[in-house]
Amino acid sequence: MQVVSLAHFSLTFARGCAANSINKRIRLQAEVGRLCEEIALLREELRIKDARMLRIPAQRRPHYPPTERLAILELRAARGWSSAQTAERLLVTPATVASWMGRLDEEGPGALIQLPQPVNKFPEFVRYIVRRLKVLCPTMGKERIAQVLCRAGLHLGATTVRRMLREPRKPVAVSAQRSFTRRVTARYPNHVWHVDLRTVPTSLGFWTAWLPFSLPQRWPFCWWVAVVVDHYSRRVMGIVTFASLPSSVKVQAFLDRVIQRAGLPPKHLITDHGKQFAAKAFARWCRRHGIRQRFGAIGKYGSLAVIERFIRSLKNECTRRILVPYRLAEFQRELAAFVSWYNGDRPHSGLATRTPDEVYFGRRPRCRAPRFEPRPRWPKRSPCAGPQALVRGRPGVTLDLTVGYPAGRKHLPVVGLHRAA
């Protein structure tokens with residue numbers, strides 16, 4: 001284990017240097033080596049999981065639901081596998097794959113994918129759209145799926161999405177006790193800003209088997225990311241990357257650039273108790289700009305919840321879904337793409353399914369546009385899942401799901417719905 005950790009340390013440092021080489025061939029070789037290592041590690045993970053599943057008799061293994069069976073057949077067509085190869089990869093028998101293929105064109109109760117349309121329920125293709133969207137975008141929860149489809153024109157409730165996904169109920173969180181400390185409430189854009197610093201590891205972790213049991217928190221083992229978020233609209237006002245822990249002067253220069261792009265400084269700036277923000281020079285900088293600095297409460301939940309939630313989204317939906325680059329320019333492009341998608345296309349439950357750009361610039365939200373109604377006998381004046389919207393055309397329309405990816409980034413989906421031909 002210690003040899004593997006030492007090798008990981010050496011390879012990370014060597015690839016970080018090669019990624020910044022002036023020779024393009026060396027940079028490409030470093031990227032190819034990193035991708036080959038990632039593929040080998042993923043294959044090892046699959047081998048370990050398959051070894052555990054193979055110990056279970058075939059008759060006792062969990063059965064694939066119909067949507068998963070159709071996804072397996074789609075994967076078979078994309079990969080060009082035979083029935084034997086498909087059965088070997090997915091841990092089923094060739095006879096089972098052949099049975100699924102024979103049921104593709106069947107209809108009625110014996111069909112592989114049934115499409116009944118009850119009067120009081122959504123058609124089966126809506127369930128398929130929800131499940132397929134969950135497969136294509138696994139980071140989306142039931143509320144996010146409902147919000148994304150609402151913006152695309154299909155209004156579903158979060159409970160309906162949960163039922164379609166057949167997920168177990170999550171325990172209801174106990175509400176925290178009220179705090180009687182003085183709070184600042186954002187009443188308009190650029191009223192209250194949050195700023196924070198976080199590390200983004202390039203290899204998914206800092207642990208090592210040898211002393212001091214952790215890697216240095218600097219490049220090439222991680223990047224330091226500074227973020228500014230507007231409290232009222234949840235819009236990311238600025239983001240920047242540093243190779244090591246930045247000083248207070250660098251943070252002030254970054255905030256100056258953000259204020260220049262925004263056109264005006266905020267009234268309040270909320271930070272943690274980091275040394276960059278607790279420095280006297282930072283307090284003088286705030287006074288020069290007419291900003292009231294406020295510190296988040298230590299040991300209390302909620303004072304920095306807005307920016308903490310964004311950082312959680314950044315990690316879960318971006319940095320943990322990609323191979324974090326060693327080159328600064330490439331990593332900044334990834335962050336810029338995520339921020340553009342986050343501000344313009346990602347709905348927020350705290351903003352009533354609107355996006356930060358719609359709230360910040362006062363635009364009409366897409367979720368208020370006329371919606372599709374797939375239930376053919378649904379009365380047009382009956383209420384739908386919130387937010388309420390008029391029906392587009394006649395009820396009973398069949399829909400197709402389209403998922404776009406800006407610049408080919410699979411972790412940044414842009415969902416759309418259109419009438420089926």
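What follows draws every value from the coordinates through simple rules; no lab data is involved. Computed from a predicted model, the values in this text were never measured in an experiment. So basically every Cβ, Gly included, is an ideal-geometry build from the backbone, and we count neighbours across all protein chains shown.
Expected output is a single nm value to one decimal: the length gained when fully extending between ALA243 and THR185, i.e. 0.36 nm times separation in residues minus the C-alpha distance. What is it?
This chain segment gains 17.5 nm when fully extended.
Project the alpha carbons of the chain onto their principal axes and report the range along each, largest first, in whole Å.
Result, largest extent first: 74, 63, 44 Å.
How big is the antiparallel share of DSSP beta bridges in the stretch 192-350, given as a percent to the nearest 5?
Of those bridges, close to 70 percent are antiparallel.
What is the local net charge at ARG363, summed over the other residues whose Cβ is closer than 14 Å to its Cβ (Lys, Arg +1; Asp, Glu -1)?
Combined, the nearby Lys, Arg, Asp and Glu give +3.
What dipole magnitude, in Debye to the nearest 20, does the stretch 192-350 give about its Cα centre under +1 on Lys/Arg Cβ and -1 on Asp/Glu Cβ?
So the dipole magnitude of the stretch 192-350 works out to roughly 460 debye.
Which values, in whole Å and largest first, are the semi-axes of the equivalent ellipsoid of the stretch 317-371 obtained as the square root of 5 times each eigenvalue of the Cα gyration tensor?
Equivalent ellipsoid of the stretch 317-371: 29, 11, 8 Å, largest first.
What distance in nm separates the two pseudo spin-label positions at ALA51 and VAL403, each 7 Å out from Cα along the beta-carbon direction?
A separation of 3.1 nm, rounded to one decimal place.
Can you put ASP400, ASP196 in order, fewest other beta carbons within 10 Å first?
ASP400, ASP196
Please give the net charge around VAL228, taking every other residue with its beta carbon less than 13 angstrom from that of VAL228, where Lys and Arg add +1 and Asp and Glu add -1.
Net of charged neighbours comes to +2.
Hey, rough spin-label estimate for ALA253 and ARG60, points 7 angstrom out along Cα→Cβ, what's it come to in nanometres?
Here the modelled spin labels are 6.4 nm apart.
Starting from 0.36 nm per residue, how many nanometres of slack lie between ARG43 and ARG309 once their C-alpha separation is accounted for?
Taking ARG43 through ARG309 to full extension adds about 92.5 nm, to one decimal.
Which ordering of ILE322, ILE291, ILE39, ILE270 is given by a fewest-first count of other beta-carbon atoms within 10 Å?
ILE39, ILE322, ILE291, ILE270
Net charge around GLN85, counting only other residues with Cβ within less than 13 Å of its Cβ (Lys, Arg = +1; Asp, Glu = -1)?
+2
Report the full-extension gain for the segment LYS280 to ARG218: residue separation times 0.36 nm, less the Cα-Cα distance, to one decimal in nm.
19.8 nm
Order by neighbour count: MET1, MET53, MET164, MET237, fewest other Cβ atoms within 10 Å first, most last.
MET1, MET53, MET164, MET237
In debye, nearest 20: dipole of the stretch 315-421 around its Cα centre with unit charges on the Cβ of K, R (+) and D, E (-)?
460 debye
Which value in deg cm²/dmol, rounded to the nearest 500, describes the helix-derived mean residue ellipticity at 222 nm for the chain, given -39,500 (n - 2.57) per DSSP H run of n ≥ 4 and division by the residue count?
Only helices count here, giving -13000 deg cm²/dmol.
Using only the alpha carbons, work out the radius of gyration and Dmax of the stretch 192-350 in angstrom.
Just the Cα atoms of the stretch 192-350 yield Rg and Dmax of 15.9, 50 Å.
With both partners inside the chain, how many of the DSSP beta bridges are antiparallel, as a percent to the nearest 5?
Counting DSSP beta bridges with both partners in the chain, the antiparallel share is about 70 percent.
Each label point is 7 Å from the Cα along the Cα-to-Cβ direction; what then is the distance between the points at ARG79 and ARG166, in nm?
In this crude label model, ARG79 to ARG166 measures out at 2.3 nm.
So if a site counts as exposed when it's one of the GluC sites (Glu not before Pro), its DSSP state isn't H, G, I, E or B, and it has at most 16 other Cβ atoms within 10 Å, what's the longest stretch of the chain without one?
With a cap of 16 other Cβ atoms within 10 Å, the longest stretch comes to 108-421.
Report, in degrees rounded to the nearest 10, the 0 to 90 angle that the Cα long axis of helix 328-344 makes with the longest principal axis of the chain.
Helix 328-344 sits roughly 70 degrees off the main axis of the chain.
About its Cα centre, what dipole magnitude does the chain give when the only charges are +1 on Lys and Arg Cβ and -1 on Asp and Glu Cβ, stated in debye to the nearest 20?
1500 debye
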